Amino acid sequence: MQADLSPVIAATAQWLTRAFPASGGALASALCEVQARQAVTVAAWLRYPTAMDAALVDVAGPGGSARLDWVTGADASLDDDVDAHAWRTWVDEVVASWAASLLTDPELAALAVAALAEGSHSTGAPAEFRRLVAPDDSDQRAAALLRHPDLLAPVAELHHTQLLDRLLPGRTLIA
């Protein structure tokens, strides 16, 4: 069985770009989507670092967007057409939370990209995550909502501690 995180990555990136849409036209939407997809890819590869981890989430499913929708208030805008939102079942709450943390903290994003060397996903062709770790002005303008720390805080805070534990094991907390 081929373990593939692409349904989780696609659905979670779609959830982020719908919850925090681009500011502008088609180019802004594309730039926003690329940034969301890069953040979600890094987060998913960190959360599921081995082929076995990816295979398990493929079998068990990631959990869906219900809590994320509730936290952001998006649940109030959903209609009753379950089929129209079937992709939401492939949204991974932890991956979305980690991606939100990465989008709002460039140093954490750089640390996360560096940590990918430990997993099995980054073998082969090197992945490019420039728009995540070093966004230019057009990236920043396009994804103003997607990168806004105050707006993403409710999502990022859901699993921020787990991300820090993954990236900085054994860290000491300073009170």
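Check whether at least one residue in segment 35-51 is β-branched (Val, Ile, Thr), farther than 29 Å from LEU168 by Cβ and surrounded by fewer than 16 Cβ atoms within 10 Å (Cβ to Cβ), and report yes or no.
no
Looking at LEU108, LEU164, LEU102, which is the one that is at pLDDT 95 or above and under 19 Å from THR17 (Cβ atoms)?
The unique qualifying residue is LEU102.
Taking into account only those residues within segment 1-12 that are under 22 Å from LEU163 (Cβ atoms) and not small (Gly, Ala, Ser), which is surrounded by the fewest Cβ atoms within 10 Å (Cβ to Cβ)?
Here the residue is PRO7.
For segment 107-127, state whether one or more residues are touching a Gly at 6+ places or on another chain (Cβ under 7 Å) and closer than 27 Å to ALA74 by Cα.
No, segment 107-127 contains no residue that is touching a Gly at 6+ places or on another chain (Cβ under 7 Å) and closer than 27 Å to ALA74 by Cα.
Select from segment 95-107 the residues that are surrounded by 20 or more Cβ atoms within 10 Å (Cβ to Cβ) and out of contact with any Phe, Trp or Tyr (no Cβ under 7 Å at 6 or more places or on another chain) and list them in ascending order. So that I can check it myself, show each step before the final result.
Going residue by residue through segment 95-107, those that are surrounded by 20 or more Cβ atoms within 10 Å (Cβ to Cβ) are 95-104.
Of everything in segment 95-107, those that are surrounded by 20 or more Cβ atoms within 10 Å (Cβ to Cβ) and out of contact with any Phe, Trp or Tyr (no Cβ under 7 Å at 6 or more places or on another chain) turn out to be VAL95, SER97, TRP98, ALA99, ALA100, SER101, LEU102, LEU103, THR104.
When PRO62 is evaluated against the numbered criteria (1) touching a Pro at 6+ places or on another chain (Cβ under 9 Å); (2) touching a residue at least 60 places away in the same chain (Cβ under 8 Å); (3) assigned to a loop (DSSP other than H, G, I, E, B), which criterion, by number, is the only one it fails?
Failed condition: (2).
Take segment 19-63 and flag every residue that is at pLDDT below 95, over 20 Å from LEU163 (Cβ atoms) and under 15 Å from the mean Cα position of the chain (by Cα).
Across segment 19-63, there are no qualifying residues.
Scan segment 139-160 and report the pairs whose first residue is among the basic types (Lys, Arg) and whose second residue is assigned to a loop (DSSP other than H, G, I, E, B), with Cβ atoms within less than 9 Å and a gap of 6+ or a chain change.
Matching pairs, first to second residue: ARG141/SER23; ARG141/GLY24; ARG147/PHE20; ARG147/PRO135.
Give the residue, chosen from ASP79, ASP69, that is within 24 Å of PRO154 (Cβ to Cβ), modelled with pLDDT under 95, out of contact with any strand residue (DSSP E or B) (no Cβ under 7 Å at 6 or more places or on another chain) and not in a loop (DSSP other than H, G, I, E, B).
ASP69
Considering segment 1-29 alone, what residues qualify as being over 21 Å from LEU68 (Cβ atoms), assigned to a helix (DSSP H, G or I) and either touching a residue at least 40 places away in the same chain (Cβ under 8 Å) or in contact with an Asp or Glu (Cβ under 8 Å, 6 or more places away or on another chain) (or both)?
LEU27, ALA28
Can you tell me which residues in segment 13-28 are more than 16 Å from PRO154 (Cα to Cα) and buried (at least 22 other Cβ atoms within 10 Å of the Cβ)? Steps first, answer last, please.
Filtering segment 13-28 down to residues more than 16 Å from PRO154 (Cα to Cα) leaves 13-14, 21-28.
Answer for segment 13-28, where residues must be more than 16 Å from PRO154 (Cα to Cα) and buried (at least 22 other Cβ atoms within 10 Å of the Cβ): ALA13, ALA22.
The values are calculated or read from the model by the stated rules, or taken from the named source; none is laboratory data. Bear in mind that the values here come from a model prediction, so they are computed numbers and not experimental data. Positions of Cβ are backbone-derived with ideal geometry, glycine not excepted, and every protein chain shown enters the neighbour counts.
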